[in-house]
Amino acid sequence: TQLLEQSPQFLSIQEGENLTVYCNSSSVFSSLQWYRQEPGEGPVLLVTVVTGGEVKKLKRLTFQFGDARKDSSLHITAAQPGDTGLYLCAGPRYGNKLVFGAGTILRVKS
Amino acid sequence: NAGVTQTPKFQVLKTGQSMTLQCAQDMNHEYMSWYRQDPGMGLRLIHYSVGAGITDQGEVPNGYNVSRSTTEDFPLRLLSAAPSQTSVYFCASSFRQGTEAFFGQGTRLTVV
């Protein structure tokens, strides 16, 4: 069982559709990070959320941190093929070591 | 600005062989770590270092060794490769433990 559970595992949508991916835990996190990973590359940080209830926007991407700091979501508006990739959430635990969820594979078809 | 550089990008080993995966960063980060990425399991921490001369085990350390003689370099050694070590390996560095991780491009390792 992963400390951070991500859902869905896989998402295939048409260009222009909206989508939401989730990152849930039974544990409280001081912060959560979202990364995007493209094939053959390492993950790249998109955003860090720190405060319960916080909402951050990055162009068409909206990130939310749950009030209890146990969950987070990533909403993409009008998805584009360039959004295709693996989305990972991560948070510091066990002495500030980063733990990762298993990820959501997003494919956006044109 | 190179960031985190990993070599090699691809490697095939025979069972029982040993090898070293190289990792170097030029951001003067104190914290460095090694992860392996397997389908459906996310990134799992193998070993980490909070500074030169200091290393510790992560979640899946068995079969791997690390050393940190300089701030820049953090090599990962496979002592006797096993098929279960077939994976993609990522090196990462952070300004501080728990903060944004900067990843290398990864090494795809196959053990036959």
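Please treat every number below as a calculation from the coordinates, not as lab data. It should be emphasised that the depicted structure is a prediction, and the values quoted were computed from it without experimental measurement. Methodologically, a virtual Cβ is constructed for each residue, glycine included, from the backbone with ideal geometry; neighbour enumeration extends over all protein chains shown.
Computed on the range B:1-108, with alpha-carbon pairs under 8 angstrom and 6+ residues apart, the relative contact order is 35 percent. With the cut-off at 1.5 for a/c, could you classify the range A:4-48 from its C-alpha gyration tensor as rounded, prolate or oblate? It comes out oblate by the Cα gyration axes.
Straight-line reach from A:K70: which lysines have Cα under 29 Å away, leaving out those fewer than 8 places along the same chain? Within the straight-line cut-off, A:K70 pairs with A:K56, A:K57, A:K59, A:K97. So which lysines pass the test for A:K109, namely a Cα distance under 19 Å, with those fewer than 8 places away in the same chain ruled out? Leaving aside lysines fewer than 8 places away in the same chain, none come within reach of A:K109.
The alpha-carbon of B:K9 sits under 20 angstrom from the alpha-carbons of these aspartates and glutamates, leaving out residues fewer than 8 places away in its chain: A:E38, A:E41, B:D26, B:D38, B:E72, B:D73. Placing +1 on each Lys and Arg Cβ and -1 on each Asp and Glu Cβ, with no other charges, gives chain B a dipole about its Cα centre of roughly 380 debye. Mean per-residue shielding of peptide A:64-75 is 0, counting Cβ atoms of other chains within 10 Å of each Cβ.
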